[in-house]
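Chemist: Shown below is the structure under consideration.
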Amino acid sequence: MEPYTNKGKSIIDLYILTALCLLIFGLLWGITGSLQYIFPGLMRDRFSFQKVRPLHVSSVVFWIILAGLGSMLTYLQQHTKRVIYSYRLLLLQYCIFLLTVVSIIISYFLGRFGGREYWEHPPYLALPIFFGWIFLLFNFVKSFGGFKNQPVYVWMWLTGIVFFLFTYLESYLWLLPYFRNNIINDMTVQWKSYGSMVGSWNMLIYGSSIFLMDKITNNKDISYSKIAFVLYFTGLFNLMFNWGHHIYTLPTAPYIKHISYTVSMTELFLIGRIIFNWRNTVSTAKRNFNILSFRFLAAADFWVFLTLLLAVLMSIPGINLYTHGTHITVAHTMGATIGINTFLLLAIVIDVFNDSCIRVEKYKAIIIRGYWIVNISLLVFWLSLIGAGLEKSMWQMSKLQISYSIMMQNLSPYFIAFFISGFFLAIGLFMVVYPLIRIKFVCKLKQTKSSYYVFQSN
Amino acid sequence: MFSDRNKYVLAMFLVGGFIIYTFQLYNSLPVKQIAVSQAADDGKILWQKKNCISCHQIYGLGGYLGPDLTNVYSKKGAVYISAILRGGTNIMPNMDLTDSEIEELLAYLKDVDQSGKADPRTFTINTNGTIHQ
């Protein structure tokens, strides 16, 4: 295989650029959706929540997946110091994903759904994603000479790719009547696959963020260390068996719930480690805070702590009974997707785009302003969801329940806070994302112009 | 230190456990297979095609704009549900459903209702943190 050069980098950049555009697109639908909470019935006939929610969810899911792939593919080459096995396959995979994402968005506009969480598109659109993922697995494995003595992030990338493929396939078992014809069985298998699937894309992202951390601190020992692998195996154990908390109230087999409850308690070890390393984390943060990428890693650290704390509490069935079906679950999802996944991915994208013809540092001032707006508004956003969740929790446990619509009206102050903070969150993210997109477009334009002049002079 | 061999053994052990757990679950699904009516199965497909889950919940899972519908059939009855499905509400759009589609959705909601109770007030919390109904 050829040594690593910038050849083919533009294909990988396409993954990241598409992902950044999808993030902006998803944010717009997120704002629209939150407006529909404040003004129920808004755009009821043209763009009801039935369309707005999948547009928001799918765009954000594809932001995470495509940016996760782009980051992993970039760092994979930097790690092996060789180019990807086949750029043609990578381009084919990109074209498949792009066409599928566009088709999915069109299907939502037309009101054609498959009606499952995360994947609300018609099921036939899952086929190209599945085959595209097979190409990725093939390309990934062929890009390595061997898997001996690899750092923890390589293990995480491989785990992420393999488990996504498995759980994605599993999430479509409902197409078979054997799995579909009982609601309890269907929901059990559905949430088994979803719980592990989220864990698999987290593996891709966390792997890349560990690579980035090594790069910033210029210390590779950590990713080969015993503790890194202990944490990896704890994560893998949870990915495989800690999904039952989604269905504690479902009348399914008790052993599923008991296994999940027990496994989820191993996350206390992760919380304990964060607390134990707190001082060290803070001093590293102080040392590297001037590095743009590191700022986002540090913010993600803070959100890992909050989200993990909430996750452990929600994994206790007695507490889950109160939080399940309330906005506290949404708070947890938002903390994980924005506070952890998006912050880690932005840290990585800043690093990846730093070798463009314009350095990201040129836009440091606006990105830092965006960073603070995002962090403060995300905290308000998160707290407003927790507040709404607590209120709904009290409603669903009260003996004399008022009607659902009255309860929702009572939640409107939280929804207003949630909309305003969500709006600023989107503004802040735009301030970070826009310079990144601009850099790539300006560089591409410069490259095209210089090729044109070379062509003319010849 | 974790040698490569130890890592592979541990990974194989976990993957093996996961595969056994998965196929054990598939082979003995939590609820004994009960043949549902064709209308209920069609209703489920329609429920998904209309993306009802974006606003409503079943067993607390789904969207939060509308109420949980797990036990709506026994609480509100077929006539009430039909009226909502036929005309929509201030928030829910009119889906232009035919009479047979309404019947299918009713059959599905009846089937869901008979599967159990989603009301969290029907659970008791045990001292070890687990719950039972």
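The values are calculated or read from the model by the stated rules, or taken from the named source; none is laboratory data. Since this is a predicted model, take the numbers as computed values, not measurements. Cβ: placed from backbone, ideal geometry, glycine included. Neighbour counts: every protein chain shown.
Chemist: Give all pairs with beta carbons closer than 9 Å in which a residue from the stretch B:3-17 that is more than 17 Å from A:PHE163 (Cβ to Cβ) meets a residue that is loosely packed, with under 11 Cβ neighbours inside 10 Å; count only pairs at least 6 apart in sequence or on separate chains.
Modeler: Matching pairs, first to second residue: B:ASP4/A:LYS148; B:ASP4/A:ASN149.
Chemist: Residue check: is B:TYR59 of a type in the set (Phe, Trp, Tyr) and at positive phi?
Modeler: yes
Chemist: Can you work out which of the residues in the stretch B:42-85 that are assigned to a helix (DSSP H, G or I) and in contact (Cβ under 8 Å) with a residue 60 or more places away in the chain is nearest to A:LYS392 (Cα to Cα)?
Modeler: B:TRP47
Chemist: Give me the pairs, please: first residue somewhere in the stretch A:382-400 and over 16 Å from A:GLY318 (Cα atoms), second residue anywhere and surrounded by fewer than 17 Cβ atoms within 10 Å (Cβ to Cβ) and of a type in the set (Val, Ile, Thr), beta-carbon distance under 8 Å, and either six or more positions apart or on two chains.
Modeler: A:TRP395/A:ILE402
Chemist: I'd like the full set of residues that are part of a strand (DSSP E or B) and among the hydroxyl-bearing types (Ser, Thr, Tyr), limited to the stretch B:98-131.
Modeler: Correct list: B:THR124 only.
Chemist: What tally of residues in the stretch B:86-108 results from selecting those that are without any contact (Cβ under 8 Å) to a residue 40 or more places away in the chain and touching a Phe, Trp or Tyr at 6+ places or on another chain (Cβ under 7 Å)?
Modeler: Going through the stretch B:86-108 one residue at a time, the tally reaches 0.
Chemist: Determine which single condition A:THR281 fails, assuming it passes every other condition in (1) more than 24 Å from A:VAL154 (Cα to Cα); (2) without any contact (Cβ under 8 Å) to a residue 24 or more places away in the chain.
Modeler: (1)
Chemist: Regarding the stretch A:169-177, can at least one residue be identified that is under 21 Å from A:THR337 (Cβ atoms), more than 8 Å from chain B (Cβ to nearest Cβ) and touching a residue at least 40 places away in the same chain (Cβ under 8 Å)?
Modeler: Within the stretch A:169-177, one or more residues are under 21 Å from A:THR337 (Cβ atoms), more than 8 Å from chain B (Cβ to nearest Cβ) and touching a residue at least 40 places away in the same chain (Cβ under 8 Å).
Chemist: Hey, can you tell me all the residues within the stretch A:294-347 that are in contact (Cβ under 8 Å) with a residue 12 or more places away in the chain, surrounded by fewer than 19 Cβ atoms within 10 Å (Cβ to Cβ) and within 14 Å of chain B (Cβ to nearest Cβ)?
Modeler: A:VAL312, A:VAL330
Chemist: Taking into account only those residues within the stretch A:179-231 that are within 21 Å of A:PHE343 (Cα to Cα) and of a type in the set (D, E, K, R), which is farthest from the other protein chains (Cβ to nearest Cβ)?
Modeler: The extreme case among them is A:LYS215.
Chemist: On to the next question. Among (1) closer than 23 Å to A:VAL198 by Cβ; (2) free of Cβ contacts under 8 Å to residues at least 60 places away in the same chain, which single condition is A:PHE39 missing?
Modeler: Of the numbered conditions (1) closer than 23 Å to A:VAL198 by Cβ; (2) free of Cβ contacts under 8 Å to residues at least 60 places away in the same chain, the odd one out for A:PHE39 is (1).
Chemist: For A:VAL360, state whether it is among the β-branched types (Val, Ile, Thr), surrounded by 22 or more Cβ atoms within 10 Å (Cβ to Cβ) and at pLDDT below 95.
Modeler: No; evaluated as a whole, the condition is false for this residue.
Chemist: Okay, next question. Please verify whether A:ARG279 is surrounded by fewer than 21 Cβ atoms within 10 Å (Cβ to Cβ) and farther than 30 Å from B:THR130 by Cβ, treating the condition exactly as stated.
Modeler: Here the answer is yes, as A:ARG279 does meet what is asked.
Chemist: Regarding the stretch A:372-392, can at least one residue be identified that is closer than 30 Å to A:ILE11 by Cβ and either modelled with pLDDT under 95 or surrounded by 14 or more Cβ atoms within 10 Å (Cβ to Cβ) (or both)?
Modeler: For the stretch A:372-392, residues closer than 30 Å to A:ILE11 by Cβ and either modelled with pLDDT under 95 or surrounded by 14 or more Cβ atoms within 10 Å (Cβ to Cβ) (or both): present.
Chemist: Can you name the residue in the stretch A:243-267 that is polar (S, T, N, Q) and more than 7 Å from chain B (Cβ to nearest Cβ) and, of all such residues, is surrounded by the fewest Cβ atoms within 10 Å (Cβ to Cβ)?
Modeler: A:THR262
Chemist: Would you mind finding the one in A:HIS79, A:HIS121 that is surrounded by 14 or more Cβ atoms within 10 Å (Cβ to Cβ) and within 30 Å of B:ILE53 (Cα to Cα)?
Modeler: Residue meeting the stated conditions: A:HIS121.
Chemist: Moving on to the next point. Could you name every one of the helices (runs of 4 or more DSSP H) located completely within the stretch A:197-301 that has at least 3 residues being modelled with pLDDT of 85 or more and at negative phi?
Modeler: It comes to A:226-241, A:254-264.
Chemist: May I ask you to list the residues in the stretch A:39-54 that are part of a loop (DSSP other than H, G, I, E, B) and in contact with a helix residue (DSSP H, G or I) (Cβ under 6 Å, 6 or more places away or on another chain)?
Modeler: A:LEU42
Chemist: Could you list, in sequence order, all residues of the stretch A:185-236 that are of a type in the set (Phe, Trp, Tyr) and surrounded by 17 or more Cβ atoms within 10 Å (Cβ to Cβ)?
Modeler: Hits for the stretch A:185-236 are A:TRP191, A:TYR194, A:TRP201, A:TYR206, A:PHE211, A:PHE229, A:TYR232, A:PHE233.
Chemist: For the stretch B:46-103, give me each residue that is facing another protein chain (nearest Cβ under 7 Å), among the hydrophobic types (A, V, I, L, M, F, W, C) and in contact with a Leu (Cβ under 6 Å, 6 or more places away or on another chain).
Modeler: If the condition is that a residue be facing another protein chain (nearest Cβ under 7 Å), among the hydrophobic types (A, V, I, L, M, F, W, C) and in contact with a Leu (Cβ under 6 Å, 6 or more places away or on another chain), then B:CYS55 is the only one that fits.
Chemist: Working only within the stretch A:226-258, note down all residues that are of a type in the set (Ser, Thr, Tyr) and in contact (Cβ under 8 Å) with a residue 40 or more places away in the chain.
Modeler: Hits for the stretch A:226-258 are A:TYR232, A:TYR248, A:THR249, A:THR252.
Chemist: Of all residues in the stretch B:2-20 being within 7 Å of chain A (Cβ to nearest Cβ) and in a helix (DSSP H, G or I), which is surrounded by the fewest Cβ atoms within 10 Å (Cβ to Cβ)?
Modeler: This residue is B:ASP4.
Chemist: Just name the residue that is surrounded by the most Cβ atoms within 10 Å (Cβ to Cβ) out of those in the stretch B:109-133 that are free of Cβ contacts under 8 Å to residues at least 12 places away in the same chain and hydroxyl-bearing (Ser, Thr, Tyr).
Modeler: The extreme case among them is B:THR130.
Chemist: Do you know which residues across the stretch B:21-36 are more than 17 Å from A:TRP191 (Cα to Cα) and surrounded by 14 or more Cβ atoms within 10 Å (Cβ to Cβ)?
Modeler: B:VAL36
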